[in-house]
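To keep things clear, I will list the structure first and then write my remarks on it.
The values are calculated or read from the model by the stated rules, or taken from the named source; none is laboratory data. No experiment lies behind these values; they were computed from the predicted model shown. Reconstructed Cβ throughout: ideal geometry from the backbone, glycine too, with neighbour counts over all protein chains shown.
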Amino acid sequence: MKCTHCHEREATTHIKKNINGKREEMHLCSECARELGVMNEFNFEPFSMDSFFGNLLGAGAAALNSLAGVDRCTYCGSSFNDVVSSGQVGCAHCYDKFEDMLSPSIEKLHGRAKHIGKSVTYTEESEPAAQEESAAAVSELDKLKAELKKAVKEQRFEDAAVLRDKIKAIGEAE
């Protein structure tokens with residue numbers, strides 16, 4: 001498509017405006033768009049690929065951190081600012097390196113600052129026998145739900161109502 005302003009070059013910028021019900025379309029080449037100030041109107045700023053990739057990969061922040069003598073993890077090289085900005089630690093050793101600064105945040109989130117691992121603790125309700133009973137109730141509940149769907153599909157609404165009540169009773173018992 002040719003530029004609607006100079007009618008010479010290929011259009012690279014396409015603008016559609018709808019003002020008071022009147023629709024306007026402009027197809028401009030890059031030179032005409034620059035001359036008419038279209039890029040400035042939409043706050044498009046030219047950028048270099050170096051600055052784009054530098055910001056994308058965080059090279060600017062890394063350079064600032066190294067100049068400022070920022071404390072870094074000896075294993076992965078992450079600084080505390082890197083951890084805060086990404087929301088993730090660089091490696092498991094970062095927890096030890098930044099323990100003083102991370103502990104308050106971790107404690108707020110998880111209720112304790114030290115990870116004690118996954119462990120199985122049984123209460124009266126979670127004893128293995130109680131778990132087996134619970135699993136049996138769940139499988140019976142699944143069967144009833146399947147029967148309910150089948151009854152509704154076959155338009156046996158009285159049966160469906162009975163099944164619904166049974167499902168409700170099992171749900172309340174748990």
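Just one residue in the set Gly77, Gly90, Gly58 is outside the structural domain of Leu163 (by TED's automatic domain parsing), at pLDDT below 60 and surrounded by 11 or more Cβ atoms within 10 Å (Cβ to Cβ); that residue is Gly58. Can you confirm whether segment 32-54 contains a residue that is at pLDDT 85 or above, charged (D, E, K, R), surrounded by 11 or more Cβ atoms within 10 Å (Cβ to Cβ) and not assigned by TED's automatic domain parsing to the domain that holds Cys94? No - not one qualifying residue is present in segment 32-54. Would you confirm whether or not segment 122-137 contains a residue that is of a type outside the set (A, V, I, L, M), part of a helix (DSSP H, G or I) and modelled with pLDDT of 85 or more? No, segment 122-137 contains no residue that is of a type outside the set (A, V, I, L, M), part of a helix (DSSP H, G or I) and modelled with pLDDT of 85 or more. Condition check: part of a helix (DSSP H, G or I) and at pLDDT below 75. Does Ala113 satisfy that? So Ala113 does not fit the description; no. When we screen Asp82, Asp71 for residues that are crowded, with 16+ Cβ neighbours inside 10 Å and modelled with pLDDT under 85, the only hit is Asp82.
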